[in-house]
Amino acid sequence: MIPSDVKATLSFSDGSPSMDLPIYKGSVGPNVIDIRKLYGQTGKFTYDPGFLSTASCNSTITYIDGDKGELLYRGYPIEQLAQNCDFMEVCYLLLKGELPNPQEKKDFDRLVSVHTMVNEQMQFFLRGFRRDAHPMAVMTGLVGALSAFYHDSTDVHNPEHRAIAAIRLIAKMPTLVAMSYKYGIGQPYIYPKNSLSYSANFMRMMFATPCEDYEPNEVLVRAMDRIFILHADHEQNASTSTVRMCGSSGTNPFAAIAAGVACLWGPAHGGANEACLNMLGDIQKQGGVEKIGEFIKQVKDKNSSVKLMGFGHRVYKNYDPRAKLMRETCHEVLGAVGLGNDPLFKLAMALEKIALEDEYFVARKLYPNVDFYSGIVQRAIGIPVPLFTAIFALARTVGWIAQLDEMIGDPEYKIGRPRQLFVGSEPRHVKPLAQRG
Ligand code: ACO
């Protein structure tokens, strides 16, 4: 970390001595005030629920400028990566810090593809779930269970274990997501085919059956790959922070990633694409485009809990750059599958237009996020709505594992242990049961 010449001074109105706090410079983006000695010197904590102003770590992986609507992986703009690279190149970049050259890419593709199968025993584990279980419930269990199968890569402090666990997780997630889908619909699992690309292989495991192979459609495969690229990492979001926090105890990488999967499930995070499609479906059922006005009224009503799903973001106070790319992909995919006149897509476009012009959304800088479009794309590809978040988890696995690896390799890393402002009862005495009124 690069120290700044400027220092912050914290002073108190009650005459307590003031304190100088060092400031560190980011290579781009905001500087941070180092408060690590604050408690030791003043006996006070800082208070920041939801981490609105707190950097929990230093990182070299992903940078977001929410006001500009900019997203960089290892310094490269997401737009250039989405246009020039495939998901495997992006995985390599996130894990290793640089884009691969042709030989490195070939070796990496091969390395991932030789780990795509899961232990055969996993299917018996899967069988314990109800067939109608939500795929994210199943995925949380399956990913956590990996640590019961791959004992030789569970020591998070061993760099070799971390490296092999990273490849295993990236390689096996598509297999697990496809297995949970096939289990839910009662079809046989389709084994991975390593001659296919990462995304084409995933789509084949999803859509082929033992009696009919799946012919990958280039446009759809590219769209799937783009969904993976756009969701691969997003700095210290809720699930990534969960993975870091969980991993900080020294638990194994599979357990830490399972914690990330669980966190991602929530509708304020990765569950938003599913919630967005469900919202569009509900508006459609109630009358479609004509009902948008009524729906927006509910969203703006302080007494209702209705939100425009797929809109707003903690960090982006401008158009989410991933949403622009996903919007482009959305048009391509709907064209390729002949769904250009799809009523749900038309409804989404009308809703987007109205929201972007509405004073409520403009004043709060609420723009569409990537989930607003990714659900429509996935639906057009043929992915069932409840599986959307599992696909997000598949894509985000590389980000989680890269961030976990970075944390463990950081000499300043400590177990995550936030403090609190206690506002409960002062110390009191336990009365015997008979004396309690
Ligand atoms: N619809 C309606 N109003 C909204 C929305 C929305 N989608 N998002 C925020 N607002 C309003 C809030 O009610 C609040 O209004 P107020 O100032 O009058 O009280 C204001 O905008 C600020 O919102 P916050 O909730 O403080 O913003 P925060 O940064 O905490 O939340 C979040 C961000 C959770 C993403 C929120 O915008 C949201 O719930 N959006 C819908 C869910 C969604 O799409 N999530 C996906 C996130 S992207 C991802 O995970 C890939």
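The values are calculated or read from the model by the stated rules, or taken from the named source; none is laboratory data. None of these values were measured; they are calculated from a predicted model. Here the Cβ positions follow ideal geometry from the backbone for every residue, glycine too, while neighbour counts run over all protein chains shown. Quick note on the areas: whole protein, heavy atoms, side chains included, nothing else; ligands and nucleic acids left out. Shrake-Rupley method; radii C 1.70, N 1.55, O 1.52, S 1.80 Å.
Test of understanding: among Glu290, Glu274, which residue is away from the ligand (no atom under 14 Å from the Cβ), assigned to a helix (DSSP H, G or I) and open to solvent by 20 Å² or more (accessible area, probe 1.4 Å)?
Sole residue among the options that is away from the ligand (no atom under 14 Å from the Cβ), assigned to a helix (DSSP H, G or I) and open to solvent by 20 Å² or more (accessible area, probe 1.4 Å): Glu290.
Which of (1) open to solvent by less than 30 Å² (accessible area, probe 1.4 Å); (2) in contact with a Lys or Arg (Cβ under 7 Å, 6 or more places away or on another chain); (3) not in a loop (DSSP other than H, G, I, E, B) is the odd one out, the single condition Gly184 does not satisfy?
(1)
Check Val156, Val138 and return the single one that is under 22 Å from Phe388 (Cα atoms), of a type in the set (Val, Ile, Thr) and touching a residue at least 12 places away in the same chain (Cβ under 8 Å).
After ruling out the rest, the residue left standing is Val138.
Out of the residues in segment 192-241 meeting the condition of being part of a loop (DSSP other than H, G, I, E, B), in contact with a Phe, Trp or Tyr (Cβ under 9 Å, 6 or more places away or on another chain) and touching a residue at least 40 places away in the same chain (Cβ under 8 Å), tell me which one is nearest to the ligand (Cβ to nearest atom).
Ranking the qualifying residues of segment 192-241, first place goes to His231.
Condition check ((1) open to solvent by 20 Å² or more (accessible area, probe 1.4 Å); (2) in contact with an Asp or Glu (Cβ under 7 Å, 6 or more places away or on another chain)) across all residues:
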residue	(1), (2)
Pro321	no, yes
Cys330	no, no
Val333	no, no
Leu347	no, no
Leu356	yes, no
Tyr367	yes, yes
Val377	no, no
Pro386	yes, yes
Gln403	no, no
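Taking the stated definitions as given, is Ala258 within 13 Å of the ligand (Cβ to nearest atom), under 30 Å from Tyr63 (Cα atoms) and aliphatic (A, V, I, L, M)? Show your work before the answer.
Working: within 13 Å of the ligand (Cβ to nearest atom): no; under 30 Å from Tyr63 (Cα atoms): yes; aliphatic (A, V, I, L, M): yes.
For Ala258, the condition - within 13 Å of the ligand (Cβ to nearest atom), under 30 Å from Tyr63 (Cα atoms) and aliphatic (A, V, I, L, M) - is not met.
Yes or no, residue by residue, for (1) modelled with pLDDT of 90 or more; (2) within 12 Å of the ligand (Cβ to nearest atom); (3) in a helix (DSSP H, G or I):
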| site | (1), (2), (3) |
| --- | --- |
| Ala323 | yes, yes, yes |
| Glu328 | yes, no, yes |
| Glu332 | yes, no, yes |
| Gly340 | no, no, no |
| Ala350 | yes, no, yes |
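Can we say Ile391 is in a helix (DSSP H, G or I), within 16 Å of the ligand (Cβ to nearest atom) and open to solvent by less than 10 Å² (accessible area, probe 1.4 Å)?
yes
Evaluate the following for Gly128: is it at negative phi and assigned to a helix (DSSP H, G or I)?
no
Hey, can you tell me all the residues within segment 80-110 that are surrounded by 16 or more Cβ atoms within 10 Å (Cβ to Cβ) and over 17 Å from Gln403 (Cβ atoms)?
Selection gives Leu81, Ala82, Cys85, Asp86, Phe87, Met88, Glu89, Leu99, Pro100, Lys105, Phe108, Asp109.
Taking segment 207-226 on its own, how many of its residues are under 21 Å from the mean Cα position of the chain (by Cα) and crowded, with 21+ Cβ neighbours inside 10 Å?
Number of matching residues: 5.
Being over 19 Å from the mean Cα position of the chain (by Cα) and of a type outside the set (Ser, Thr, Tyr) is true for just one of Lys324, Lys300, Lys317. Which residue is that? Please lay out each step first, then the result.
Details: Lys324 fails: over 19 Å from the mean Cα position of the chain (by Cα); Lys317 fails: over 19 Å from the mean Cα position of the chain (by Cα).
The match here is Lys300.
Among residues belonging to segment 401-437 that are of a type in the set (A, V, I, L, M, F, W, C) and either touching a Ser or Thr at 6+ places or on another chain (Cβ under 6 Å) or assigned to a loop (DSSP other than H, G, I, E, B) (or both), point out the one that is farthest from Glu235 (Cα to Cα).
Here the answer is Val430.
What number of residues within segment 297-314 are outside any loop (DSSP other than H, G, I, E, B) and open to solvent by 40 Å² or more (accessible area, probe 1.4 Å)?
Going through segment 297-314, the residues outside any loop (DSSP other than H, G, I, E, B) turn out to be 297-300, 311.
From the residues that got through so far, the ones that are open to solvent by 40 Å² or more (accessible area, probe 1.4 Å) too are 297-298, 300.
Selection size over segment 297-314: 3.
Looking only at segment 10-37, how many residues end up being open to solvent by 90 Å² or more (accessible area, probe 1.4 Å) and polar (S, T, N, Q)?
The qualifying residues number 2.
Would you check if Lys317 is open to solvent by 10 Å² or more (accessible area, probe 1.4 Å) and either away from the ligand (no atom under 15 Å from the Cβ) or under 16 Å from Asn273 (Cβ atoms) (or both)?
no
This table checks each residue for (1) farther than 27 Å from Val219 by Cβ; (2) touching a residue at least 60 places away in the same chain (Cβ under 8 Å); (3) within 9 Å of the ligand (Cβ to nearest atom).
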position	(1), (2), (3)
Ile283	yes, yes, no
Gln286	yes, no, no
Gly312	yes, no, yes
Leu344	no, yes, no
Glu359	yes, no, no
